[in-house]
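Novice: There's a structure below that I have some questions on.
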Amino acid sequence: MKPINVTKNARLSVAPMMDWTDRHCRYLHRQLSGQALLYTEMVTAPALVRGGALHLLDHDPAEHPVALQLGGSDARELAQASRLGAEAGYDEINLNCGCPSDRVQSGTFGAVLMRDPGLVAECVTAMRDTVDVPVTVKCRIGVDDQDPEEVLPEFLSRIVAAGCERVTIHARKAWLKGLSPKENRDIPPLDYDLVQRMKGLFPNLHVSINGGIATLDQVEELLDSGLDGVMVGRAAYHQPVDVLAQADRRIFGSGCDSTAEHAVAAMLPYIERHLSEGGRLHQITRHMLGLFAGRPGARGWRRTLSEGATQGGAGPELVEAALGHVTALAPEAKAV
Ligand SMILES: Cc1cc2nc3c(=O)[nH]c(=O)nc-3n(C[C@H](O)[C@H](O)[C@H](O)COP(=O)(O)O)c2cc1C
């Protein structure tokens with residue numbers, strides 16, 4: 001498939017999330033919004049290049065526009081991995097400079113790269129020289145004792161000079177010592193003002209903000225404040241309908257709203273196909289648990305799916321049974 005220009009899609013994106021935004025999750029999210037940009041989980045460049053784990057690039061054509069996030073810090077290896085990603089059809093290659101996990105630190109990539117903007121620029125240059133699709137960066141505002149006011153403009157100016165045209169900034173520091181990856185997504189304080197000031201300093205850089213954004217109202221406010229894009233992570237996973245079902249109309253100005261029921265109906269043939277290829281129901285339905293979040297019957301939906309989907313032989317009829325909880329309890333609440 002020919003790559004598409006995804007800059008406009010980056011007005012709203014769903015964040016890369018390890019173990020969460022796998023291909024099944026992205027397919028589900030695509031049923032709710034035709035236009036939001038979707039990111040893969042981080043795939044490490046060594047896994048692709050040295051490990052030959054090309055199955056990590058598998059995705060469905062329906063997922064487009066979809067961006068591949070890479071982890072790594074070796075410019076040549078990242079360039080090779082980018083080539084593999086572009087050949088597999090991804091619309092964008094994103095370099096992870098924000099992930100604080102131990103495993104990632106030991107491989108010298110992720111947030112620790114905030115300390116080495118020269119190396120990041122070298123990596124971006126090598127990646128851009130290799131692929132035609134956009135190369136973007138996802139970063140933090142700094143790490144540990146760094147002063148974000150100083151290091152973030154320096155970091156951004158280096159990647160801009162290397163030709164990066166789009167960045168997503170998770171608006172908090174990563175504290176690399178003493179906090180778990182999960183704590184690093186909540187404890188360091190958010191600083192949206194700083195991200196907004198960076199947009200002022202780099203007017204030609206497409207800046208997306210990330211961190212703690214949970215509603216489409218917030219997305220609209222941040223876009224109205226002059227930012228180019230908003231990336232939503234956990235809220236998009238846990239309440240996908242709230243974040244995505246009205247996004248095409250409200251954020252992109254075209255298209256109709258979707259519903260949880262529509263998404264379920266669209267997932268059934270996808271589930272059939274996955275099962276016929278030897279897959280398990282749970283691999284897909286684990287991402288669907290939040291579809292009816294906040295609606296009467298949501299608990300029955302979740303319970304039916306989480307208790308039944310791991311049983312041998314479980315199939316689409318379980319999803320239909322789970323749906324019965326929602327419609328039986330709240331027929332009037334079917335429209336989103
Ligand atoms: C389960 C999980 C896995 C994550 N994995 C990645 C990852 O692979 N790459 C990355 O850049 N960020 C990762 N993140 C961070 C998110 O992309 C995002 O920056 C963070 O959750 C803050 O956004 P939010 O408040 O909207 O969730 C992960 C977050 C979660 C919850």
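Each reported figure results from applying straightforward, stated rules to the coordinates on display, with no laboratory input. It should be emphasised that the depicted structure is a prediction, and the values quoted were computed from it without experimental measurement. When we count neighbours, we look across all protein chains shown, and the Cβ atoms used for this are built from the backbone with ideal geometry, even at glycine.
Novice: Whats the longest run of the chain with zero trypsin sites (Lys or Arg not before Pro) that are DSSP loop and have at most 16 other Cβ atoms within 10 Å?
Specialist: That would be 51-176.
Novice: Take the alpha carbon gyration tensor of the range 59-148, find the square roots of its eigenvalues, order them as a ≥ b ≥ c, and report rounded if a/c is under 1.5; if not, report prolate when a/b exceeds b/c, else oblate.
Specialist: Cα axes put the range 59-148 in the prolate bin.
Novice: Size of the dipole of the range 260-327 about the Cα centre, Lys and Arg at +1 and Asp and Glu at -1 on the beta carbon, nothing else charged, in debye to 20?
Specialist: 300
Novice: What's the extension gain from Glu320 to Arg50 if we count 0.36 nm per residue and subtract their Cα-Cα distance?
Specialist: Working it through step by step, the gained length comes to 92.9 nm.
Novice: Just to confirm a number: summing +1 for Lys and Arg and -1 for Asp and Glu over residues other than Arg166 whose beta-carbon lies under 13 angstrom from that of Arg166, what do you get?
Specialist: Net local charge, Arg166 excluded: +1.
Novice: Taking the Cβ of Ser306 as the centre, find all other residues whose Cβ is under 13 Å away and add up their charges (Lys, Arg: +1; Asp, Glu: -1).
Specialist: That works out to +3.
Novice: Pick out, from Gly89, Leu56, Gly142, the residue whose Cα sits farthest towards the positive end of the charge dipole of the range 46-178, with +1 on the Cβ of Lys and Arg and -1 on the Cβ of Asp and Glu.
Specialist: Result: Gly142.
Novice: For the chain, just give the cysteines left without a disulfide-compatible partner, judged by no other Cys Cβ under 4.7 Å.
Specialist: Cys25, Cys99, Cys123, Cys164, Cys256
Novice: Helix-derived [θ] at 222 nm for the chain: sum -39500 (n - 2.57) over DSSP H runs of at least 4, divide by residue count, nearest 500?
Specialist: Value at 222 nm, helices only, nearest 500: -12000 deg cm²/dmol.
Novice: Considering Cα pairs under 8 angstrom that are at least six residues apart, work out the relative contact order of the range 9-250 and quote it in whole percent.
Specialist: 19
Novice: In sequence order, what are the phi-derived ³J(HN,Hα) couplings for the range 301-318 according to the Karplus relation 6.51 cos²θ - 1.76 cosθ + 1.60 with θ = phi - 60°, rounded to whole Hz, with x for glycine and proline?
Specialist: Calculated HN-Hα couplings, in order: 4, 4, 5, 4, 5, 6, 7, x, 6, 8, 5, x, x, 5, x, x, 5, 5 Hz.
Novice: Next up: Counting other beta carbons within 10 Å of each Cβ, put Tyr270, Tyr90 in order, fewest first.
Specialist: Going from least to most buried by this count: Tyr270, Tyr90.
Novice: What net charge is computed for the residues neighbouring Ala79, neighbours being all others with C-beta under 12 Å from the C-beta of Ala79, Lys and Arg scored +1, Asp and Glu -1?
Specialist: Taking every other residue near Ala79 into account, the sum is -1.
Novice: Related question: So if I restrict to the alpha-carbon atoms in the chain, what is the Rg, and what is Dmax, the biggest pairwise distance, in Å?
Specialist: Cα radius of gyration and Dmax of the chain are 19.8, 59 Å respectively.
Novice: Taking the Cα centre of the chain as origin, work out the dipole magnitude from +1 charges on Lys and Arg Cβ and -1 charges on Asp and Glu Cβ, in debye rounded to 20.
Specialist: Magnitude of the dipole: close to 380 debye.
Novice: May I pose another question? Rounded to the nearest 0.05, what FRET efficiency is calculated for Asp217 and Lys8 with R0 set to 25 Å and r the Cβ-Cβ distance?
Specialist: 0.75
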